[in-house]
Amino acid sequence: RSALVFSSCGILYIASILFFPQMVDIRTSTLIYGNYNTCIIVSIAACVTWNNICKYVVRYIPAIFLQFGKQSMIYYVVHWLAISYSSLLLNLILSDAYGWKYFGALSLMVAVLLSVSTYYLKKPKAKFLFGL
């Protein structure tokens, strides 16, 4: 039964990518292209698909990726704040930055902010914020 759910979700997910792609900005609940309801269904199918893939290949996944998975709730909650404030700061400091230069600086800042946030938010006094 679970194999049927996994394969159905996988087929739906791949078909969506190939034949009817869609994108929704979840933060603002704005449809960018495609169909809003279908996007939600396909997103759930994608989660089921990737969850099952990772469950079967866990022994082949490098330890660093497993740490990303274990800290995923913190990354999920903090990432938009890190991106927003990093962009704001970069636009003030490097007003002429664009393209790869901007992307590289933004990526570095977000990686540092997420790492620092994870360190502090894993402390015993903050764990309750993320259900840990």
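The values are calculated or read from the model by the stated rules, or taken from the named source; none is laboratory data. Everything numeric in this text was worked out from a predicted model, so none of it was measured. Note: ideal-geometry Cβ built from the backbone for every residue, glycine included; neighbour counts use all protein chains shown. Each accessible area value is taken on the protein alone, full model and side chains, heavy atoms only, with ligands, DNA and RNA left out. Shrake-Rupley method; radii C 1.70, N 1.55, O 1.52, S 1.80 Å.
Per-residue answers, yes or no, for (1) at pLDDT 85 or above; (2) polar (S, T, N, Q); (3) on the phi < 0 side of the Ramachandran plot:
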site	(1), (2), (3)
Ser43	yes, yes, yes
Ile83	yes, no, yes
Trp100	no, no, yes
Ser117	yes, yes, yes
Leu129	no, no, yes
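For the range 22-40, filtering for residues that are over 17 Å from the mean Cα position of the chain (by Cα) and open to solvent by 70 Å² or more (accessible area, probe 1.4 Å) leaves 6.
Return the residue satisfying two criteria in turn: it lies in the range 50-89 and is of a type in the set (A, V, I, L, M) and exposed (fewer than 11 other Cβ atoms within 10 Å of the Cβ), and of such residues it is nearest to Tyr119 (Cα to Cα).
Kept after step one, since they are of a type in the set (A, V, I, L, M), are these residues of the range 50-89: 53, 57-58, 61, 63-64, 66, 73-74, 77-78, 81-83, 88-89.
Next cut, exposed (fewer than 11 other Cβ atoms within 10 Å of the Cβ) only: 57, 63-64, 88.
Numbers: Val57: 27, Ala63: 17, Ile64: 15, Leu88: 23 Å.
Looking at the filtered set, the residue picked out is Ile64.
Of all positions in the range 26-34, at least one carries a residue that is in contact (Cβ under 8 Å) with a residue 24 or more places away in the chain, of a type in the set (Lys, Arg) and over 21 Å from Tyr120 (Cβ atoms). Of all the residues in the range 17-49, those that are under 28 Å from Ser117 (Cβ atoms) and in a loop (DSSP other than H, G, I, E, B) number 4. Applying the set (1) farther than 20 Å from Arg27 by Cβ; (2) touching a helix residue (DSSP H, G or I) at 6+ places or on another chain (Cβ under 6 Å) to Ser86 leaves exactly one unmet item: (1). Within the range 90-118, being exposed (fewer than 11 other Cβ atoms within 10 Å of the Cβ) and either among the aromatic types (Phe, Trp, Tyr) or not in a helix (DSSP H, G or I) (or both) holds for Ser95, Asp96, Tyr98, Trp100.
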